[in-house]
């Protein structure tokens, strides 16, 4: 079994987090996987290959652009394994608070800033409940909230785990124009 420098894995993980969760550049995020990646999405199915992952994640995150990932914790081992817990968050359309459901991910580092495996576990029942709560709140408070893509509460993680207050706050993004 290969071993890696912990600092190399940590840098690669921070880059992975920034590219996906903070920057939300899902095409570039998919590019962080090896060409032959195996991606186990325990609810939605297993995918093989970087382009399969890209073709899945880009339209998915465009459709559910109101969701953002909030860092909770992560652990790294020299064999290249990274395990992290995150919160899948939607800001409440009323402007007060948020609606969450948890997830845990296991990654396998392959070197050269690439990942050869991802395995996602999330609380499916809570995810469905969160979606239903969010849809009801949209109808009651702000039917256009989904398009605002707010990110009001990044949690209490380290600075590198927090992004802007809205998906649209990045200088290269304009409302009404797909970033993908």
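The values are calculated or read from the model by the stated rules, or taken from the named source; none is laboratory data. These numbers come from a predicted model, not from an experiment. All Cβ positions, glycine included, derive from the backbone under ideal geometry; neighbour counts span all protein chains shown.
Key figures for this structure:
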item: Residue match in region 47-63 (condition: assigned to a loop (DSSP other than H, G, I, E, B), over 13 Å from the mean Cα position of the chain (by Cα) and at pLDDT below 95); result: no
item: Conditions (1) more than 21 Å from residue 152 (Cβ to Cβ); (2) under 15 Å from the mean Cα position of the chain (by Cα): number failed by residue 102; result: (1)
item: Selection within region 61-76 - out of contact with any helix residue (DSSP H, G or I) (no Cβ under 7 Å at 6 or more places or on another chain), in contact (Cβ under 8 Å) with a residue 12 or more places away in the chain and surrounded by fewer than 20 Cβ atoms within 10 Å (Cβ to Cβ); result: 62, 72, 73
item: Some residue of region 27-34 being modelled with pLDDT of 95 or more and part of a strand (DSSP E or B); result: yes
item: Strands (runs of 3 or more DSSP E) completely within region 77-180 that count 1 or more residues being surrounded by 18 or more Cβ atoms within 10 Å (Cβ to Cβ) and touching a helix residue (DSSP H, G or I) at 6+ places or on another chain (Cβ under 6 Å); result: 81-91, 98-111
